[in-house]
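Remarks on the structure that follows.
Please treat every number below as a calculation from the coordinates, not as lab data. What you see is a predicted model; the values in this text were computed from it and never measured. Reconstructed Cβ throughout: ideal geometry from the backbone, glycine too, with neighbour counts over all protein chains shown.
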């Protein structure tokens, strides 16, 4: 017992005190660090945001016929990306002149629904909707055939690293050709909506904004042009006034006042391609045939490149 006490006292007193002090300091370091950290600017926890890469694509290939204008029809000149977390809508990124690749960005962890507006007008680009209903209510001016960049929109639901937003053009494509030696000189588009919704309204009955109507003329043989989607109701349907030359009757003008399939009026719907053929019978009568195809011939050319200034 005495040996045990002697051994304990034999340890130098100054060193013993120093050792005890050091042990207390080591014990206090986590507490001191916590206090210092608490004085800094608060930062979101790691799980409060996540890194995603946004990609754009068109719908699947359905038509292999390539036109010279497709490079413009598929071009992405500008993309605005929104995110929705179930309660709040946020504008995440506005990118101009994107190149192939993917757009890397950090988003709040709760965001799982993404919206994209591609090739907006300057006025539309300034819009800052605060809710899904306000986003869905956005319209674009289609007072004349939109060129060279075509308004597109898309939605994706994803909680993973990769987000693939499938784009749909907000307008329809029209092709009119002449048959039996009928050479088209011009097409006047009448009663087409002056405005169209940026996003599809997602209802069975087509919804068109109450922004009035407009008309314009396209010249040239067998023209291809673009219109805002429109209902087929009598008095509201978009009309096409086609003027051309016949081999034996001279100049003739035919008015397509309503598109029908098997007697049923057909709406003009976004991202569809309406191919119309006119064959003259008399100076005032003609036969018309037309088909409707998804306007989805190639994958969109213009993914987004990674942001070189992105910081982890």
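Below are the figures for this structure:
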read-out	value
Virtual paramagnetic centre 7 Å along Cα→Cβ of residue 269, amide N under 12 Å, in the range 213-240	230
Residues residue 128 and residue 75, FRET efficiency given R0 of 22 Å [Cβ-Cβ distance, rounded to 0.05]	0.35
Förster-model FRET efficiency, 35 Å R0, residue 222 and residue 121, C-beta, rounded to 0.05	0.75
Extension gain, residue 234 back to residue 179 (0.36 nm per residue minus Cα-Cα distance, nm)	17.1 nm
In nm, spacing of pseudo-spin labels at residue 136 and residue 110 (7 Å Cα→C-beta vector)	2.1 nm
Label-reachable residues, the range 267-295, where backbone N falls under 15 Å from a point 7 Å from residue 166's Cα toward its Cβ	271-272, 294-295
Computed E for residue 251/residue 207 - FRET, C-beta separation, R0 45 angstrom, nearest 0.05	0.70
Chain lengthening between residue 158 and residue 194 when straightened (0.36 nm per residue, less Cα-Cα)	9.5 nm
Percent of Cα-Cα distances greater than 25 Å, calculated over the range 172-294	22 percent
